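**Q** Here it is, the structure in full.
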Amino acid sequence: MNSRTTSKRPKARGEAAAIARVMSTQDLANLGGGVVAYIKTMTSDEARRMFPAVEGLPQGINLYSLHAADGTPIALTDTMQAAVGHAIGDELEIQSLH
């Protein structure tokens with residue numbers, strides 16, 4: 001009996017190489033092509049660290065940040081609707097994070 005474990009699912013061509021590849025910041029920027037963005041919910045403490053130039057953020061609230069595909073912060077808002085509106089105004093396609 002063989003002691004090696006094998007998967008019953010055949011691997012798609014190139015799947016192993018795709019799994020092993022780590023994407024650089026430039027790869028992510030190119031992936032979005034300047035038109036893909038995502039919205040992230042964060043605490044006011046997280047927002048202070050990510051947006052140090054923004055002053056007067058209230059304590060203990062959730063905020064919404066709009067980011068380019070490569071993670072570059074674009075905007076910080078206090079409502080999801082405002083973050084979506086900013087993305088629409090900039091003609092960005094919003095993608096979900098998993």
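**Q** Could you list all residues from region 75-94 that are surrounded by fewer than 16 Cβ atoms within 10 Å (Cβ to Cβ) and either closer than 11 Å to TYR38 by Cβ or charged (D, E, K, R) (or both)?
**A** Across region 75-94, the qualifying residues are ASP78, ASP90, GLU91, GLU93, ILE94.
**Q** Name the pairs: first residue in region 69-86 and free of Cβ contacts under 8 Å to residues at least 12 places away in the same chain, second residue assigned to a helix (DSSP H, G or I), Cβ to Cβ under 6 Å, at least 6 apart or on different chains?
**A** ALA75/HIS86
**Q** Something else now. Give all pairs with beta carbons closer than 9 Å in which a residue from region 45-68 that is part of a helix (DSSP H, G or I) meets a residue that is hydroxyl-bearing (Ser, Thr, Tyr); count only pairs at least 6 apart in sequence or on separate chains.
**A** These pairs meet every condition: GLU46/SER65; ALA47/SER65; MET50/SER65.
**Q** Restricting the search to region 55-97, which residues are on the phi < 0 side of the Ramachandran plot and among the acidic types (Asp, Glu)?
**A** GLU55, ASP70, ASP78, ASP90, GLU93
**Q** Oh, and also: Name the residues in region 31-67 that are surrounded by 15 or more Cβ atoms within 10 Å (Cβ to Cβ), at pLDDT 90 or above, of a type outside the set (Ser, Thr, Tyr) and touching a strand residue (DSSP E or B) at 6+ places or on another chain (Cβ under 6 Å), would you?
**A** Matches in region 31-67: ALA37, ILE39, LYS40, MET42, ALA47, LEU63, LEU66, HIS67.
The values are calculated or read from the model by the stated rules, or taken from the named source; none is laboratory data. Given the structure is predicted, the values throughout are model-derived calculations rather than measurements. Neighbour counts are summed over all protein chains in view; Cβ atoms, including those assigned to glycine, are modelled from backbone coordinates with ideal geometry.
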